[in-house]
Amino acid sequence: MWAFLLLGALSAAAFGQIGLVLYSSGLALVEEVRPFSLAREGVLELRGFPAETLWETLAVEGLELVALRPLPRESWTLNKFVGQEVTVQTQAGAFRGILRAVSSEGLVLATEEGTVLVREYLWVRGPKSDPLSETQALLHYRAEEPGEKAVRLRYLARGFAWRITYEAELEGGELRLGGRAWIQNVTGVDFPRTSLVLIAGEVQAPRGDAGLRALAMAPEAVPTEAFEYHRYDLPGPWDVPQGQLAIPLVRATVPARKTYRLSGQRVEVYVRFTADTVLPGGEMRVYAEGIFVGAHTLSHTPPGKEVELRVGAAFDLSGQRQQVRRERLGENLFRETWRITLSSAKKEDVEVEVVETLSGYWRILSSTLPYEILDAQRIKFVVPVPKEGQTSLEYTVEWRY
């Protein structure tokens, strides 16, 4: 004989232990323990789960799952009043009658005076209706022994989102970083006193969803390798209610320096440092000398990688790029001479990086300053610019298609 049991009309964590593994694109792995009384066989009415639970991922430990039947999401509409007597209030007055239809044209009422189409209305009053069912799925089960049992449930659910922002203070050759993650819970369920695990790495989500990127690191949390990703176990437990939650996650002080780079006619300002820990992707707002100096969107950065934050353009530095000479030496062979002039109104000497992108297969024939090959298409010059002065760089390149 089948017995029906209700499993959870409250929050998902109200019944026992719970854990959340969060990814950045709105997915979470939920693991929880719910104690309840089992018969030898029966049906559980599953309630209190996230609205977008991926039921096909549900795994159950502690009983034998015979069948699982997710139920369609029930919502309240005016169609529930069709065939019943209602009162419709409009600006012109009230209409009372039997609601015959609800359409894009309005409400069709059968009144004592005849059929009325109400196009615009303020509110509708009808008879008391039954509350919506809170049951989200039916789980048919068998149990080896009846009685009070703890059942472990694990499933994927959508409805989480997060973003991380950094505050960075540049002072005396050091950059002090503070990162804060904002976790948003729009699942329709509160998760009190839950353990939190954040995954850093690109994860292939179910049903062709976009890859999941890094979340963040907790205070004193040490990253460990998990499959091909980084895993951060946050000291907890944490309350993750519906809405937003901000968690301080990253703190670091690293050596840093300000640099300049010519880009077109502008000289842009960069802050450079080498990450000594994993830095999840997010916006970094940079401050110096007591003011906000710019923001840069940081991509996911592993330890040991040099980071460049482009924060704005230098007010008192400018550059000009000019082609001095161009020769065609053959069908696909060219020789060009370029001059870059940098001007400064600063009160101190500075250095400006000039990164040149070269076409085809190239070789530098001559240059007035040494250069560094960055990759197959780019070279970099470091140009000293005197205070309140001007410097020119000139080079000749030969290239072919």
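All of the numbers you see were taken from the coordinates with simple rules; none came from a lab. Bear in mind the structure is a predicted one, so any value in this text is a computation, not a measurement. Positions of Cβ are generated from backbone atoms using ideal geometry, with glycine treated the same way; all protein chains shown enter the neighbour counts.
With N residues in segment 251-315, what two-decimal value do you get for its Cα radius of gyration over 2.2 N^0.38 Å?
Numbers: Rg = 12.1 Å, N = 65, 2.2 N^0.38 = 10.7 Å.
Normalised Rg, Cα atoms only: 1.13.
Under a 5 Å amide H cut-off, with hydrogens placed 1.01 Å from N, T135 pairs with nothing among residues at least 5 apart or on other chains. Once the mean of 1/r is taken over each pair of separate Cα atoms and inverted, segment 78-125 shows a Kirkwood hydrodynamic radius of 10.4 Å. How much length, in nm to one decimal, is gained on full extension between R272 and E41, taken as 0.36 nm per residue of separation minus their Cα-Cα distance? Contour length minus Cα-Cα distance gives 76.8 nm.
The packing ranking of peptides 278-291, 17-30, 138-151, highest mean first, is 17-30, 278-291, 138-151, where packing means the average number of other beta carbon atoms within 10 angstrom of each residue.
With N set to the number of residues, divide the alpha-carbon radius of gyration of segment 12-139 by 2.2 N^0.38 Å and report two decimals. Display every interim value, and only then the final one.
Details: Rg = 22.2 Å, N = 128, 2.2 N^0.38 = 13.9 Å.
Compared with the compact-globule rule of thumb, segment 12-139 sits at 1.60.
How high is the relative contact order of segment 259-303, in percent, with contacts defined as C-alpha pairs under 8 Å that are six or more residues apart?
Values: 59 pairs, mean separation 15.4, N = 45.
Computed over segment 259-303, the figure is 34 percent.
Each listed q (0.08, 0.09, 0.12, 0.14 Å⁻¹) maps to a log10 I(q)/I(0) for the chain from the Debye sum over equal C-alpha point scatterers, namely -0.72, -0.80, -1.01, -1.18.
A Stokes-Einstein calculation at 20 °C with viscosity 1.002 mPa s, built on the Kirkwood radius of segment 11-82 over Cα pairs, returns a diffusion coefficient of 143 µm²/s.
Of the peptides 80-91, 363-374, how do they stack up when ordered by the mean number of other Cβ atoms within 10 Å, highest first? If you can, show how the numbers build up before the last one.
Details: 80-91: 14.5, 363-374: 12.4.
My ranking of the peptides, most packed first, is 80-91, 363-374.
In percent, rounded to a whole number, the relative contact order of the chain is 14, using alpha-carbon pairs under 8 Å and six or more apart.
The largest-to-smallest principal axis extents of the Cα set in segment 329-400 are 49, 22, 14 Å. Distances between placed amide hydrogens fall under 5 Å for S24 paired with R213, all partners being 5 or more residues away or on another chain. By the count of other C-beta atoms within 10 Å, a proxy for reagent exposure, F160, F334 are ordered fewest to most as F334, F160. Using 15 Å as the cut-off for backbone N distance, which residues of segment 83-98 belong to the label zone defined by a point 7 Å from the Cα of S129 along Cα→Cβ? Under 15 Å, as judged by backbone N against the label point of S129, lie 83-88 of segment 83-98.
Listing W162, W362 from the residue with the fewest other Cβ atoms within 10 Å to the one with the most, what is the order?
The order, fewest Cβ neighbours first, is W362, W162.
Each DSSP beta bridge with both residues in the chain is either parallel or antiparallel, and the antiparallel ones are about 90%.
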